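First comes the structure, then the notes that go with it.
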Amino acid sequence: MVKKDKSSIMGVSLILLFFVLDYTSKLYIVNNIEYGHSVMIVDGLFNIVNVHNRGVAFGFLGHLTETYRVLFLCGISFLVFIIIVYLILFGLNRDKLYIFALSLLGGGAVGNLYERIVKGYVVDFLDFHIKNYHYPAFNLADSFITVGVFLLLIFRVVQGKTET
């Protein structure tokens, strides 16, 4: 049975919010910056770009054939999303930080999943660099996933200390 508490409502609402933020940011980039081009924001540090990523983080698995790549990446993203929604709705842990972290992961996963299904790639646009060294471009969904994992690790460490 679904736990009809504030944590469940907050968690699902945040997943939707994070998805919408990711989707609208990518839509803005696609509609305002030509593919392969960039706009300098902070000279020598930060650009907004429009690039396509057919792999996962940093283009990893981008070398696989289209069929395998899409099936694998969509399958993993879908599975992660289902597990996260299950934990938010049915999980025993109702801690707000835990639910928030799961929501970040869920919103990021569904944001990139949607684009992979619809386009076969995700739009990356945040480009940090120092001189000629560029950190691989990423998007809001990637940021949500990274922060969500980080918060889950912090939650686990803090929870482990309070249990002893």
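Just to be sure, is Lys119 loosely packed, with under 12 Cβ neighbours inside 10 Å and either more than 16 Å from the chain's Cα centre (by Cα) or β-branched (Val, Ile, Thr) (or both)?
no
For Asn93, only one of the following conditions fails: (1) more than 23 Å from Lys6 (Cα to Cα); (2) of a type outside the set (Gly, Ala, Ser); (3) surrounded by fewer than 21 Cβ atoms within 10 Å (Cβ to Cβ); (4) at pLDDT below 95. What is its number?
Failed condition: (1).
Return yes or no: is Lys161 modelled with pLDDT under 90 and more than 13 Å from the chain's Cα centre (by Cα)?
Answer is yes for this residue.
Quick one: in segment 103-156, which of the residues that are among the charged types (D, E, K, R) and assigned to a strand (DSSP E or B) is farthest from Leu73 (Cα to Cα)?
Asp127
For segment 12-26, which positions are surrounded by 19 or more Cβ atoms within 10 Å (Cβ to Cβ) and either touching a Phe, Trp or Tyr at 6+ places or on another chain (Cβ under 6 Å) or more than 14 Å from Glu115 (Cα to Cα) (or both)?
Leu14, Ile15, Phe18 - these are the residues of segment 12-26 that are surrounded by 19 or more Cβ atoms within 10 Å (Cβ to Cβ) and either touching a Phe, Trp or Tyr at 6+ places or on another chain (Cβ under 6 Å) or more than 14 Å from Glu115 (Cα to Cα) (or both).
Can you give me the number of residues within segment 68-90 that are in contact (Cβ under 8 Å) with a residue 24 or more places away in the chain and either buried (at least 17 other Cβ atoms within 10 Å of the Cβ) or over 18 Å from the mean Cα position of the chain (by Cα) (or both)?
Residues meeting the conditions: 9.
The values are calculated or read from the model by the stated rules, or taken from the named source; none is laboratory data. As the structure is a prediction and not an experimental result, all values here were calculated from the model. Positions of Cβ are generated from backbone atoms using ideal geometry, with glycine treated the same way; all protein chains shown enter the neighbour counts.
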